[in-house]
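Have a look at the structure below, then the notes.
The values are calculated or read from the model by the stated rules, or taken from the named source; none is laboratory data. It should be emphasised that the depicted structure is a prediction, and the values quoted were computed from it without experimental measurement. Here the Cβ is made from the backbone with ideal geometry for all residues, glycine too, and neighbour counts use every protein chain on show. Heads up: the accessible areas ignore ligands, DNA and RNA and are worked out on the full protein's heavy atoms, side chains in. Shrake-Rupley method; radii C 1.70, N 1.55, O 1.52, S 1.80 Å.
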Amino acid sequence: MGYETLLVETRGRVGLITLNRPQALNALNAAVMRDLHEALNAFDADKGVGAIVLTGSEKAFAAGADVKEMQALDFVEGYLGDFLGGWERVADARKPMIAAVSGYALGGGCELAMMCDLIIASETAKFGQPEITLGVIPGMGGSQRLTRAIGKAKAMDLILTGRMMDAAEAERSGLVSRVVAPDRLLEEALGAAEKIASFSLPAAMMAKEAVSRSLELTLAEGLRFERRLFQSLFATEDQKEGMGAFVAKRKAEFKNK
Ligand code: CAA
């Protein structure tokens, strides 16, 4: 399958998606969204893929929604077509997904990274929500996901001033889980994805689902949801294998991966 705006490949059990619009610093347009839907649908359906890495170029993960594409949009067109609504498909990916971010992750680029389950950043990464400088506000989740990720004070600072945050500040703030040297970024992200993909796929997918739901549910509902998922995993061969291997002091060989 050829994609207009992405490079898509598998490395072992990891699906690797590289945003590929270098002439526009990977600005996110309708073609990128359409291609990402297709790639994610294919990886979600592929039993040989246990985790996904989404990355960009060294200079830019993505410099935001495509300003040239949207500048002439009017309200009725945007409202009736639910402009940007389709991007939520990325957050709905069922398999664990890592954003490997180098360079600019601005506006929709930052929001796309936040739709992934964790962000691994290069020391060169720069995160920001500069929409205010364009006369608008974040439209792909920035005001919601960034606030949940780094708290109100920092989110307000970034969204109201449009300033950028470097990788060290992003790590301190809890937006990214690891910061690595630029030449180690892909290796680190692929290594983490490979590790995730080596475990039982139902367990990894349910772990993702449980953590994701924690942002939406009350504590009591979330705890009940987690417990039901936990209990349901006792119906899998992999639970027997994982616990059996621990007791027998051998390495687990998960079947559902
Ligand atoms: N949309 C469209 N094109 C973009 C773009 C974007 N978001 N970001 C960069 N480009 C294009 C530039 O127009 C330029 O194209 P041309 O060569 O045809 O002029 C090319 O990519 C290279 O960019 P620059 O020459 O600007 O590169 P730079 O190194 O000087 O600056 C930058 C890099 C600071 C990231 C700068 O490009 C920039 O500020 N980009 C826009 C960032 C932004 O405002 N993003 C938010 C968009 S709105 C949004 O995302 C809404 C939402 O919530 C979904």
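Observations on the model:
- Each listed q (0.10, 0.17, 0.18 Å⁻¹) maps to a log10 I(q)/I(0) for segment 6-197 from the Debye sum over equal C-alpha point scatterers, namely -0.36, -1.08, -1.21.
- Computed over segment 133-257, the ratio Rg/Rh where both radii use C-alpha atoms and Rh is Kirkwood: 1.08
- Just the protein heavy atoms count here, and of the accessible area of the chain at 1.4 Å, carbon and sulfur take up 58 percent.
- DSSP bridge analysis restricted to the chain gives an antiparallel fraction near 30%, rounded to the nearest 5.
- Under the combined filter of DSSP loop state and at most 15 neighbouring Cβ atoms within 10 Å, segment 214-245 retains these GluC sites (Glu not before Pro): Glu216.
- Each helix, a run of at least 4 DSSP H residues, gives -39500 (n - 2.57); summed and divided by the residues of the chain, these come to -12500 deg cm²/dmol at 222 nm.
- Modelled FRET efficiency - R0 30 Å, Arg213 with Leu73, Cβ distances, 0.05 increments: 0.35
- Distance histogram for segment 1-56 (every C-alpha pair counted, 5 angstrom bins, percent rounded to whole numbers): 4, 21, 32, 23, 13, 6, 1
- Mean Cβ count within 10 Å, highest first, over the residues of peptides 185-196, 41-52, 244-255: 185-196, 41-52, 244-255
- Over segment 10-93, equivalent-ellipsoid semi-axes from the Cα gyration tensor in Å: 26, 17, 8
- Normalised per residue, the accessible area of the chain is 52 Å², obtained with a 1.4 Å probe and no contribution from ligands, DNA or RNA.
- Of all lysines in the structure, those lying under 18 Å Cα to Cα from Lys47, and not within fewer than 8 positions of it along the same chain, are Lys95, Lys195, Lys208, Lys255, Lys257.
- By the rule of a C-alpha distance below 19 Å, with chain neighbours fewer than 8 residues away ignored, the aspartates and glutamates paired with Lys251 are Glu194, Glu237, Asp238, Glu241.
- Dipole moment magnitude, nearest 20 debye, the chain about Cα centre, only Lys, Arg, Asp, Glu C-beta charged: 1040
- Assigned charges on the beta-carbon of Lys, Arg, Asp, Glu; segment 200-248 dipole about Cα centre (debye): 120
- Cβ-Cβ FRET estimate between Met156 and Lys255, R0 fixed at 41 Å, reported to 0.05: 0.30
- Ratio of Rg to Rh over segment 37-148 (Cα coordinates, Kirkwood Rh, two decimals): 0.98
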